[in-house]
Amino acid sequence: MDSRQWATLDGTPFEGRADQFYWLWIIATTTYGVGDVVTTVALLYFDASVGEANALVRVAVAEFGLAGLVGLKLGVFGLCLGLQVAAIGDTDDPVVVYGPPAVLAVFGGFTTAFNLRLLVG
């Protein structure tokens, strides 16, 4: 098996649906990766009256600063991508396959909106 073949949708029930995968990951990256990180940084570094509610993020930022926050986000992305790649070969259930980026997108959208609401006051 060449290194490119493991990441293909060929031969799966999702063959020909690559655009759906790309767009879900683009939305997840925009909301969870960019929106949540930017608004969290704005809150933590520019608004002393608001603290981080997530204990894991709070520890990562306290120990490693911005690199801890970004590293934690990248770890979550890697975990979700790994789950999706594993699910593609084992199931034809679209909820299982599309779930990881969809959950990131929804969670990222919620946290970005919540952080923006805290920033606005």
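The values are calculated or read from the model by the stated rules, or taken from the named source; none is laboratory data. Only a predicted model underlies this, so the values are computations on that prediction, with no experimental measurement involved. Heads up, the Cβs are rebuilt from the backbone with ideal geometry, glycines too, and the neighbour counts pull from every protein chain shown. Ligands, DNA and RNA are excluded from the accessible area calculation, which covers all protein heavy atoms including side chains. Shrake-Rupley method; radii C 1.70, N 1.55, O 1.52, S 1.80 Å.
Go through 105-113, 89-97, 65-73 and give me the packing order, highest mean Cβ count within 10 Å leading.
Descending packing order for the listed peptides: 105-113, 65-73, 89-97.
For the chain, list the DSSP H helices whose alpha carbon atoms reach 27 Å or more along the long axis and whose average Kyte-Doolittle value is -1.0 or above?
Qualifying helices, which must be both long enough and hydrophobic enough, are 66-90, 94-120.
For the chain, with a Gaussian network of springs between Cα atoms less than 10 Å apart, report the residue from Ala18, Ala28, Ala55 with the top mean-square fluctuation.
Greatest mean-square fluctuation among the candidates belongs to Ala55.
Using square roots of five times the C-alpha gyration tensor eigenvalues, list the equivalent-ellipsoid semi-axes of the chain in whole Å, biggest first. Don't jump to the answer; show the numbers that get you there.
Numbers: eigenvalues 217, 45, 21 Å².
Gyration-tensor ellipsoid for the chain: 33, 15, 10 Å.
Quick check: at a probe of 1.4 Å, how many percent of the accessible area of the chain sits on carbon and sulfur atoms? Present the calculation step by step, with values, prior to reporting the outcome.
Details: 5170 of 7630 Å².
The computed percentage sits at 68.
For a test of the definition: using alpha carbon positions, the gyration tensor, and the 1.5 limit on a/c, classify region 49-118 as rounded, prolate or oblate.
Cα axes put region 49-118 in the oblate bin.
Note down the relative contact order for the chain as a percent, whole number, built from C-alpha pairs under 8 angstrom at least six residues apart.
41
Given the Cα-Cα distance of Phe110 and Val41 and 0.36 nm per residue of separation, how much length would full extension add, in nm? Intermediate values should be presented prior to the final figure.
On the way: separation 69, 0.36 × 69 = 24.84 nm, distance 1.60 nm.
Using 0.36 nm per residue and subtracting the Cα-Cα distance, I get 23.2 nm.
Accessible area per residue for the chain in Å², computed with a 1.4 Å probe and the full protein assembly in place, what is it?
Counting only protein heavy atoms, the per-residue value for the chain is 63 Å².
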